[in-house]
1. Please go through segment 210-221 and pick out each residue that is part of a loop (DSSP other than H, G, I, E, B) and either surrounded by fewer than 17 Cβ atoms within 10 Å (Cβ to Cβ) or modelled with pLDDT under 95 (or both).
2. Return the pairs, sorted by first residue and then second, in which the second residue is open to solvent by 60 Å² or more (accessible area, probe 1.4 Å) and of a type outside the set (A, V, I, L, M), the first residue lies in segment 143-165 and is without any contact (Cβ under 8 Å) to a residue 60 or more places away in the chain, the beta carbons are less than 8 Å apart, and the residues are 6+ apart or on different chains.
3. Condition check: farther than 24 Å from Ser2 by Cα, surrounded by 18 or more Cβ atoms within 10 Å (Cβ to Cβ) and under 16 Å from the mean Cα position of the chain (by Cα). Does Leu51 satisfy that?
4. Could you list, in sequence order, all residues of segment 94-125 that are of a type in the set (Gly, Ala, Ser), under 16 Å from His50 (Cβ atoms) and part of a helix (DSSP H, G or I)?
5. I'd like to know if segment 36-55 contains one or more residues that are farther than 19 Å from Tyr144 by Cα and in contact with a Pro (Cβ under 7 Å, 6 or more places away or on another chain).
6. Go through the residues of segment 130-140 one by one and say whether even a single one is crowded, with 22+ Cβ neighbours inside 10 Å, assigned to a loop (DSSP other than H, G, I, E, B) and not small (Gly, Ala, Ser).
7. So which pairs qualify, if the first residue must be in segment 215-230 and within 12 Å of Lys195 (Cα to Cα) and of a type in the set (A, V, I, L, M), the second must be open to solvent by 70 Å² or more (accessible area, probe 1.4 Å) and modelled with pLDDT of 95 or more, the Cβ gap must be under 8 Å, and the two must be at least 6 apart or on different chains?
8. What's the number of the condition Gly86 fails, among (1) open to solvent by 10 Å² or more (accessible area, probe 1.4 Å); (2) in contact (Cβ under 8 Å) with a residue 40 or more places away in the chain; (3) of a type in the set (Gly, Ala, Ser)?
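The values are calculated or read from the model by the stated rules, or taken from the named source; none is laboratory data. Everything numeric in this text was worked out from a predicted model, so none of it was measured. Cβ coordinates were reconstructed from backbone atoms using ideal geometry, including for glycine residues, and neighbour counts include every protein chain displayed. Areas reflect the complete protein model, heavy atoms only, side chains present, ligands, DNA and RNA absent. Shrake-Rupley method; radii C 1.70, N 1.55, O 1.52, S 1.80 Å.
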Amino acid sequence: MSSTTLVSTEQLQQNLANWRVFDCRHDLAKPGLGEQQYREAHIPGALFAHLDRDLSARRENRGGRHPLPYPGAFVAWLGQQGLRPGDQVVCYDAGSGVIAARLWWMLRWVGHEAMALLDGGLAKWLAEGRATTAAVPRVAHTSYPVRLREDGVVGVGFLQERRRELLLLDARAPARFRGEHEPIDPVAGHIPGAKNRFCNDNIGAGGTFKSREALQEEFRSIIGDKAPAEVVNYCGSGVSACHNLLAMEIAGLPGAKLYSGSWSDWISDRARPVVTGVA
C-alpha cells in the first residue's frame, strides 16, 4: 500500500531497500550547508534535493524568491534521479519538514502518486540511533512522464481576480504576518483578507505532526465551512505553505491550492494592496 502523506521512521527502516528517499536539508542563510551535511551523513539510499537548484527556478525567470521550475525541467531532474512513476518516495529534512514538504507537493503537482514525508525527519531518525552513511547512490536515468495537476497552483493574476471569493492562509510566523518583523522581504505585512496559520503549529511537542483529528479541528477553526478547494496557501516564497497543504491533506481536507509566488511575488508590484496587524 502506498503512502501519500506521512511515513514513520520504523516504516522507512523496513522499506529502505525498495523506497526512494530524498534529503531536502536547507538553510536559507547558508544555502550550501544542507548539501554539505548530506555528503557527510544521510539516511542510506537517499539522494539530495537542493531547494534553490532542484526545487526552484532561476529567480529572474519567474515570480517570487523560490519560483517553481517549469514542469519539464522538474521532471527531467526526476528522471536524472532514476525515479519511476510507481516508486514510493519519502522526503525528509533536518527539522519539521518545511523544506521536504516542498518536494512532496511538487511530486504531486507533476502527477506522482506515492510520496510521503518522514514524520519527525532526520532528527527523529538520529535520536532513535538509526544508521546513516556518506555513500552517494548511483542511479540509472529514466524518462519520467508529465501528468501535470494544473488546478493545484495559482498565480498572482488568478489571485487578484478572485481574492475576495477565496480564503487565503499565510503560513509565516505571526509576527511576520502582522508586519511587526520582516527579516527577508523588503515589505512587511500580508495580503488583505488573509488569515494566519503558522506552519510550525502543525507539529506537536514530540516533533511529529499532530493527529488527523487535531489538525482538522485547528484548520476548521480558521477556514470554517469553506471548501478546501477555495483555500489558497501562501508564505514568503511558496515553500512553507506546502507544509500547510500537507497538514490539510493529513486532516482530511484535500484540494487546497498553492500561490507559488507568495508574499515575495505579491509585493514585487508596489501597487498591490498590503495590510498589517491582525486580520
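1. Matches in segment 210-221: Ser211 only.
2. Sorted first by the residue in segment 143-165, then by its partner, the pairs are Arg163/Gly193; Arg164/Gly193.
3. Yes; evaluated as a whole, the condition is true for this residue.
4. Within segment 94-125, Ala100, Ala101 qualify.
5. Within segment 36-55, one or more residues are farther than 19 Å from Tyr144 by Cα and in contact with a Pro (Cβ under 7 Å, 6 or more places away or on another chain).
6. Filtering segment 130-140 down to residues crowded, with 22+ Cβ neighbours inside 10 Å leaves none.
For segment 130-140, residues crowded, with 22+ Cβ neighbours inside 10 Å, assigned to a loop (DSSP other than H, G, I, E, B) and not small (Gly, Ala, Ser): absent.
7. From segment 215-230, the pairs are Ile222/Lys195; Ile223/Lys195.
8. Gly86 satisfies every listed condition except (2).
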